[in-house]
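Let me begin by presenting the structure, written as structure tokens, before commenting on it.
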Amino acid sequence: MSALNSKAVLDREAKLKDELRRCEGLLVVLEKLSSANQTSMISQRYESYASFVAKTGLDQALKEDFITKAKAFAFSSHRAKLNELLEKAHDAARARDQMKKLTMLKLAEACLDATRKLTDNGEFLEEVEKRIELARQTTHAGVSERAKNQFVADGRDSKAVAHERRRFVRYATPAVTVRFAKEGQGYPTRDYSLVGMRLPNSPPGLQPDQKVGIWVTIEQPNPTPTYQGSAKVAWAMEGGGELGLEFASADGPIMYFVKQAGLDLRSVEPV
């Protein structure tokens, strides 16, 4: 080997060692930022780190290992930040601080967008989307004066008021129709939330705490899929009158339409 070639080899080895040292050092920095939940900073550092690693002359398998580890640190920080922001959004909802709740949700959505670049875990991303929508729809627990006045206008007694714990924002549009058999009669809702529905009319004979199968459709500009599931009768007026339905969780028909049919409740005026 000539002296010139020997020098080139030595220079290349020195460069690789320097690149390896820098990759290892920067990875330690990312780990520390992750531990300190410095999400904004780690997001910027991860992008530049991944770009630097990709341009090095290191073995491809080693590059991928460095980037995978860095992505894991960044993802951990973003996941913790999402939890923090959503907890703050729920706290703000309970404190009736709508402005703070909306601010926290806006930050959570931005954090989620950044997190999409760090994971291909569809179940995790979908779960966070549901949590954001759940927080968006959450109100302070209790019966609002508006709800109480509505009972008076409807002629309902005070016992029914106990069922109206408005923990979630309610909507009357777009129109939602419920069937209690796949091809049965459709009953339009009076209003609905993520966790329940109120119908002005219903099939006679339904009893409180009864579990019923439901087929739910929603009016949209384009045809939408039908939700099939179950609900519990919260309360029922005699003779097929007004009916309240409860869902076991917020992951019911309205969340289904938000996810599957693109229902955007942010553009709808609540009741």
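The values are calculated or read from the model by the stated rules, or taken from the named source; none is laboratory data. These figures come from a predicted structure and were not determined experimentally. Reconstructed Cβ throughout: ideal geometry from the backbone, glycine too, with neighbour counts over all protein chains shown. The accessibility values were calculated without ligands, DNA or RNA, using every heavy atom of the protein model including side chains. Shrake-Rupley method; radii C 1.70, N 1.55, O 1.52, S 1.80 Å.
Return yes when residue 75 is in contact with a Cys (Cβ under 6 Å, 6 or more places away or on another chain) and either open to solvent by less than 50 Å² (accessible area, probe 1.4 Å) or at pLDDT below 95 (or both) and no when it is not. Against the criterion (in contact with a Cys (Cβ under 6 Å, 6 or more places away or on another chain) and either open to solvent by less than 50 Å² (accessible area, probe 1.4 Å) or at pLDDT below 95 (or both)), residue 75 does not qualify. Here the condition is being under 24 Å from the mean Cα position of the chain (by Cα), closer than 24 Å to residue 123 by Cα, surrounded by 15 or more Cβ atoms within 10 Å (Cβ to Cβ) and of a type in the set (Asp, Glu); of 264, 251, it holds for 251 alone. When the residues of region 95-125 are filtered to those that are closer than 12 Å to residue 78 by Cα and hydroxyl-bearing (Ser, Thr, Tyr), the one that is nearest to the chain's Cα centre (by Cα) is 115.
When each of 115, 103 is tested for being among the hydroxyl-bearing types (Ser, Thr, Tyr), touching a residue at least 24 places away in the same chain (Cβ under 8 Å) and within 22 Å of residue 134 (Cα to Cα), the lone residue that passes is 115.
Do we have any residue at all in region 72-89 that's small (Gly, Ala, Ser), farther than 24 Å from residue 120 by Cβ, under 18 Å from the mean Cα position of the chain (by Cα) and in a helix (DSSP H, G or I)? Scanning region 72-89 turns up at least one residue that is small (Gly, Ala, Ser), farther than 24 Å from residue 120 by Cβ, under 18 Å from the mean Cα position of the chain (by Cα) and in a helix (DSSP H, G or I). Taking region 227-236 as the region of interest, how many residues are closer than 15 Å to residue 189 by Cα and either open to solvent by 60 Å² or more (accessible area, probe 1.4 Å) or free of Cβ contacts under 8 Å to residues at least 40 places away in the same chain (or both)? Matching residues across region 227-236 total 4.
Taking residue 65 as the residue in question, decide whether it is acidic (Asp, Glu), surrounded by fewer than 14 Cβ atoms within 10 Å (Cβ to Cβ) and in a helix (DSSP H, G or I). Spelling it out, it is not the case that residue 65 is acidic (Asp, Glu), surrounded by fewer than 14 Cβ atoms within 10 Å (Cβ to Cβ) and in a helix (DSSP H, G or I). Quick check, is residue 243 under 21 Å from residue 133 (Cβ atoms), among the aliphatic types (A, V, I, L, M) and either out of contact with any Lys or Arg (no Cβ under 8 Å at 6 or more places or on another chain) or crowded, with 19+ Cβ neighbours inside 10 Å (or both)? No: the conditions fail for residue 243. Any residue in region 27-46 that is assigned to a helix (DSSP H, G or I), β-branched (Val, Ile, Thr) and under 27 Å from the mean Cα position of the chain (by Cα)? Yes - at least one qualifying residue is present in region 27-46.
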